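The values are calculated or read from the model by the stated rules, or taken from the named source; none is laboratory data. As the structure is a prediction and not an experimental result, all values here were calculated from the model. Here the Cβ positions follow ideal geometry from the backbone for every residue, glycine too, while neighbour counts run over all protein chains shown. Each accessible area value is taken on the protein alone, full model and side chains, heavy atoms only, with ligands, DNA and RNA left out. Shrake-Rupley method; radii C 1.70, N 1.55, O 1.52, S 1.80 Å.
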Amino acid sequence: MATPAAPTIVLVQHAFADACGFGGVIRQLQTACHTVVAPPNPLRSSAFDAGAIAACVDAIDGPVVLVGHSYGGAVITEASATQNNVTALVYLAAFGPDKGESCASVQDPFPPSLLASTSHPTSYDASGAPQAPGLFITKEQFRETVCADLPIDIAERMFAAQRPLSLAALTGKVTAVGWKSKPSWYLVSEHDNAIAPDAERFMAERMGATTKSISGSHTTFITQPVAVAGFIAEALSAGSKA
């Protein structure tokens, strides 16, 4: 009997950044001989971004474990709904909206996060997006909002390299939901200033996810790559048996 193919891990990054932040997690997973890819998340609209990630997944021969951080969670939620080779979903302090919800609306029942007051529109239109402008996080509060447990110099470089998020990505409604039919894992960041931890717990419970908590900021995948890679590996192990 042929040995089932090991799942490919597809990492989908958050808003305001590229996939370079996954470097530590990628190193840990590759050291354990896992196959990992981190395709670009366009940050143009929820539908467009989900289509881009779905196309990447569709091109992979074999099972896939989709991992999303923050806004990337909304993207994998929609992208996975039509992909039969996705065997598990992993949410890292991420949005997991239901059908008809957006990243903005799913937070409504909870106190506003710091991100609600520290993100501002760009002075130019979000190129390629259905709505203008884009959003970015101000320098003065970037570290506190996103990565309070990272050194100041690293946070300053992250601010300088941030990729603005289209407003359409934040407000676009999800049209299909993968977590309703696929096993899910959720890692709650207990000191998250970008998404309220209570909102994270709500989304995790609603999707019936295997849930753990980690003491850290919104970007614990950068500050604690060993722990986060281990959490992903749990879903990978279950996905390989699906």
Item to check | Arg163 vs. criteria open to solvent by 20 Å² or more (accessible area, probe 1.4 Å), more than 18 Å from the chain's Cα centre (by Cα) and under 20 Å from Gly24 (Cβ atoms) | outcome: no
Item to check | The one condition in (1) in a loop (DSSP other than H, G, I, E, B); (2) open to solvent by 40 Å² or more (accessible area, probe 1.4 Å); (3) more than 19 Å from Ala94 (Cα to Cα) that Gln28 fails to fulfil | outcome: (1)
Next on the checklist: Checking Ala15 against (1) assigned to a loop (DSSP other than H, G, I, E, B); (2) of a type in the set (Gly, Ala, Ser); (3) more than 14 Å from the chain's Cα centre (by Cα), only one condition comes out false. Which one?
Outcome noted: (3)
Checklist entry - Looking at this structure, is Ala38 under 21 Å from Ala161 (Cα atoms) and aliphatic (A, V, I, L, M)? => result yes
Checklist entry - Can you name the residue in region 75-86 that is among the hydroxyl-bearing types (Ser, Thr, Tyr) and either touching a strand residue (DSSP E or B) at 6+ places or on another chain (Cβ under 7 Å) or surrounded by fewer than 22 Cβ atoms within 10 Å (Cβ to Cβ) (or both) and, of all such residues, is nearest to Ala38 (Cα to Cα)? => result Ser80
Item to check | For Thr219: the one exception among (1) touching a Cys at 6+ places or on another chain (Cβ under 9 Å); (2) over 22 Å from Leu114 (Cβ atoms); (3) among the β-branched types (Val, Ile, Thr) | outcome: (2)
Checklist entry - Can you pull out the residues in region 189-224 that are surrounded by fewer than 23 Cβ atoms within 10 Å (Cβ to Cβ) and within 11 Å of Ala94 (Cα to Cα)? => result Ala196, Pro197, Ala199, Arg201
Next on the checklist: Checking Pro130 against (1) open to solvent by 30 Å² or more (accessible area, probe 1.4 Å); (2) at pLDDT 95 or above; (3) not aliphatic (A, V, I, L, M): exactly one of these is not met. Which one?
Outcome noted: (2)
Checklist entry - So which residues in region 88-104 are over 17 Å from Ser217 (Cβ atoms) and within 17 Å of the chain's Cα centre (by Cα)? => result Ala88, Leu89, Val90, Gly96, Pro97, Asp98, Glu101, Ser102, Cys103, Ala104
Item to check | Condition check for Ser70: open to solvent by 10 Å² or more (accessible area, probe 1.4 Å), modelled with pLDDT under 95, of a type in the set (S, T, N, Q) and closer than 30 Å to Asp198 by Cβ | outcome: no
Checklist entry - Among (1) farther than 16 Å from Ala19 by Cβ; (2) open to solvent by less than 20 Å² (accessible area, probe 1.4 Å); (3) over 14 Å from the mean Cα position of the chain (by Cα), which single condition is Val57 missing? => result (1)
Checklist outcome for this item: Within region 46-75, residues being at negative phi and among the polar types (S, T, N, Q) number 1
Next on the checklist: Can you tell me which residue is surrounded by the most Cβ atoms within 10 Å (Cβ to Cβ) among those in region 87-118 that are part of a loop (DSSP other than H, G, I, E, B) and of a type in the set (Gly, Ala, Ser)?
Outcome noted: Ala94
Checklist entry - Counting only residues that are in contact with a Lys or Arg (Cβ under 9 Å, 6 or more places away or on another chain) and small (Gly, Ala, Ser), which one in region 166-188 is most open to solvent (accessible area, probe 1.4 Å)? => result Ala176
Checklist entry - Applying the selection to region 47-70, what residues are acidic (Asp, Glu) and outside any helix (DSSP H, G or I)? => result Asp61
